[in-house]
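Asker: Below is one structure. I have some questions about it.
The values are calculated or read from the model by the stated rules, or taken from the named source; none is laboratory data. Not measured: the values here are computed from a predicted model. Cβ placement follows ideal geometry from the backbone for every residue including glycine, while neighbour counts extend to all protein chains displayed. The protein model used for the area step is the full one, side chains on, heavy atoms only, and it has no ligands, DNA or RNA in it. Shrake-Rupley method; radii C 1.70, N 1.55, O 1.52, S 1.80 Å.
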Amino acid sequence: LDTHFNWEQLLQDKTIFLNSVKAFLKYGYITLSHTPIEQDSILQIANHYGNVRDTNFGRFFEVFSRPNANDLAYTPHAIGPHTDNPYRDPVPGIQLLHCLSNFTDGGYSTLADGLSIVKELQQQDPEGYQLLTDTVVRFRFYDTNTELVSFHPLIEKDALGNILGIHYSPRLDDLPLLPEAQLQKYQRARKNLGELLENAKFEKKFKLAQGELMM
């Protein structure tokens with residue numbers, strides 16, 4: 001399966017749409033080209049795949065540099081590996097990033113293979129892996145109008161022990177209350193997780209052009 005699809009063709013051909021869903025479920029992401037570039041076009045695309053959930057940021061989150069930013073995405077700074085909005089319950093499910101224009105030298109999108117990283121961590125440090133799955137951490141967001149708090153382990157499993165995903169956002173998580181020896185092991189495992197997330201072996205990097213969307 002390819003991971004890149006033409007939005008205009010996808011709308012005309014249900015088989016192409018079905019293949020895009022299959023590719024998303026298999027690889028965890030797809031990109032679409034030839035999408036409309038009006039400010040709210042992302043909602044049309046999102047509603048074609050599922051239901052849009054409102055947040056404190058509105059119907060959609062418009063990313064551009066602004067003064068007095070209440071989120072790092074509103075600044076020109078590069079953002080390291082992270083999962084968005086771990087302070088929500090439930091956390092975001094499917095996310096769409098829509099490029100309306102990109103005339104910068106940088107502006108690359110970087111994805112990390114979270115499931116492979118978790119397996120690698122489990123092999124390297126079984127005890128640390130267990131701490132990251134068992135230890136519930138508080139994540140918090142606040143600005144002048146909103147406070148959101150939720151609790152998740154950094155590595156989340158379902159009732160059968162299957163990995164659901166990770167919650168990793170170094171600016172938003174609290175230090176858990178653990179005995180000192182356990183806390184040192186937890187911090188070591190958390191640091192290892194962060195380093196694996198930045199390892200090029202697990203990365204996919206590309207630049208979205210105008211009218212392209214990543215889901």
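Asker: Using Cα-Cα distances under 8 Å and only pairs 6 or more residues apart, what relative contact order does the chain have, in percent?
Answerer: 27 percent
Asker: Continuing with the same structure: Of 19, 51, 102, which has the largest mean-square fluctuation in a 10 Å C-alpha GNM of the chain?
Answerer: Its mean-square fluctuation being the largest, the pick is 51.
Asker: How much mean residue ellipticity at 222 nm does the chain get from its helices, if each DSSP H run of length 4 or more adds -39500 (n - 2.57) and you divide by all residues, to the nearest 500 deg cm²/dmol?
Answerer: Helices in the chain give a 222 nm mean residue ellipticity of -9500 deg cm²/dmol.
Asker: Magnitude of the Cβ-charge dipole of segment 147-215, K/R +1 and D/E -1, about the Cα centre, nearest 20 debye?
Answerer: With only Lys, Arg, Asp and Glu charged at Cβ, the dipole is about 340 debye.
Asker: Here is a follow-up. Working from the alpha-carbon coordinates of segment 84-140, get Rg over Rh, Rh being the Kirkwood radius. All intermediate terms of the calculation are to be shown ahead of the outcome.
Answerer: On the way: Rg = 16.2 Å, Rh = 14.8 Å.
Using only Cα positions, Rg/Rh for segment 84-140 is 1.10.
Asker: Provide the gained length on full extension for the span residue 52 to residue 84, in nm with one decimal, where the gain is 0.36 nm per separating residue minus the Cα-Cα distance.
Answerer: 9.9 nm
Asker: Between residue 146 and residue 206, what length in nm is gained on full extension when 0.36 nm per residue of separation is reduced by their alpha carbon distance?
Answerer: Here the answer is 18.3 nm.
Asker: I would also like to ask the following. Roughly what would the spin-label model give for residue 40 and residue 105, points 7 Å off Cα along C-beta, in nm?
Answerer: About 3.8 nm separates the two model spin labels.
Asker: While we're on this one: Please give the Cα centre distance for segment 146-215 versus segment 107-138, rounded to the nearest Å.
Answerer: So the two Cα centres are separated by 6 Å.
Asker: Oh, and also: Ignoring ligands and nucleic acids, what accessible area does residue 188 show with a 1.4 Å probe (Å², nearest 10)?
Answerer: 140 Å²
Asker: Let me spell out the model: positive unit charges on the Cβ of Lys and Arg, negative unit charges on the Cβ of Asp and Glu, origin at the Cα centre of the chain. What dipole size does that give, in debye rounded to 20?
Answerer: So the magnitude is around 260 debye.
Asker: If the viscosity is 0.692 mPa s and the temperature 37 °C, what translational diffusion coefficient in µm²/s does Stokes-Einstein give for the chain when Rh comes from Kirkwood over Cα pairs? Working shown, then result.
Answerer: Working: Rh = 19.0 Å.
After rounding, the answer is 173 µm²/s.
Asker: With +1 on each Lys and Arg Cβ and -1 on each Asp and Glu Cβ, how big is the dipole of segment 118-189 about its Cα centre, in debye rounded to the nearest 20? Please report the intermediate quantities before stating the final value.
Answerer: Details: 7 positive and 11 negative charges, 14 e Å.
Dipole size: approximately 60 debye.
Asker: While we're looking at this one, here's another question. For the chain, modelled as a GNM with alpha-carbon contacts under 10 angstrom, which of 180, 147, 120 fluctuates the most?
Answerer: 180
Asker: Then there's this: Between residue 181 and residue 159, what's the calculated FRET efficiency when r is the beta-carbon distance and R0 is 22 Å? Round to 0.05.
Answerer: Efficiency for this residue pair is about 0.15.
Asker: Oh, and also: Between residue 59 and residue 95, what length comes free when the chain is fully extended (0.36 nm per residue of separation minus the Cα-Cα distance, one decimal in nm)?
Answerer: 11.7 nm
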